[in-house]
1. For the stretch 4-13, in order, what is each residue's ³J(HN,Hα) by Karplus, 6.51 cos²θ - 1.76 cosθ + 1.60 with θ = phi - 60°, in whole Hz (x at glycine and Pro)?
2. Based on the Cβ-Cβ distance of LYS150 and LYS17, what FRET efficiency does E = 1/(1 + (r/R0)^6) give at R0 = 25 Å, to the nearest 0.05?
3. Here are a few candidate values for log10 I(q)/I(0) by the Debye sum over Cα atoms at q = 0.11 Å⁻¹: [x] -0.59; [y] -0.46; [z] -0.37. Which one was actually calculated from the structure I just gave you?
4. Quick check on the chain: helices-only [θ] at 222 nm, where DSSP H runs of length 4 and up contribute -39,500 (n - 2.57) each and the sum goes over total residues. Nearest 500, please.
5. Between GLU36 and GLU115, 0.36 nm times their residue separation minus their Cα-Cα distance comes to what?
6. Can you pull the one-decimal nm distance between simple spin-label points at VAL102 and LYS3, each 7 Å off the Cα toward Cβ?
7. Any idea how far apart ALA139 and ALA122 come out in nm if each label point goes 7 Å out from Cα toward Cβ?
8. Just how far, in whole angstrom, is the stretch 50-73 from the stretch 9-44 if you go by their alpha carbon centroids?
Amino acid sequence: MPKTPDAITLLKADHEKVAGLFEKFEHAKSDARKKELAMKICLELIIHTKIEEDIFYPACKDHIEDDLWHEAWVEHDGAKVLIAEIRRDHHGDTFYDAKVKVLAEMIKHHVKEEEERGGMFAQARKSGVDMEALGKRLANEKKVLMAKYKKEGTPLPATPSFTGTRLA
């Protein structure tokens, strides 16, 4: 049985998967293919942000600079607003491709801050938090959420750092 990756390895693998999906979206020609890829991107990001917010961030909170921690939450919530827009069935939305492109840019920035030297992942790894155990929790929750969302549909994500906006 393959070993479950540690928390940071798992989260970085998610980042790489989504980057690959954004790349495919950029090169897709048909609207149907773009929509298919955009929905995969949204699902992956909703699950990724949920496991980070529910498991990873709380486990590492006291070991990460407050500014980085707060910014990560706000970046997640900003991405979720775009995800909600992308997931809506706006047939003929002239801004659809632009929304996906801006989401890609937001995620690229967020990933850089998590993965860069001295960033969130470096601080978390240095903290002494058991990344192996955390990786198992993340992997399990990711599996549960993926099955649940594929069966029941993907809910609108919460945006707890935004006080003036609620996703409808």
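Every number in this text was worked out from the coordinates using simple rules, so none of it is lab data. Computed from a predicted structure; not experimentally measured. Because the Cβ atoms are built from the backbone with ideal geometry, glycine has one as well, and the counts that use them run over all protein chains shown.
1. Here the 3J(HN,Hα) series is 6, x, 5, 4, 5, 4, 4, 5, 5, 5 Hz.
2. On the way: r = 16 Å, r/R0 = 0.65.
So the FRET efficiency works out to roughly 0.95.
3. Label [y] holds the value from this structure.
4. Counting only the DSSP helices, I get -23500 deg cm²/dmol.
5. Details: separation 79, 0.36 × 79 = 28.44 nm, distance 2.79 nm.
Value of the extension gain: 25.6 nm.
6. Those two pseudo-labels are separated by 4.3 nm.
7. 2.7 nm
8. 24 Å
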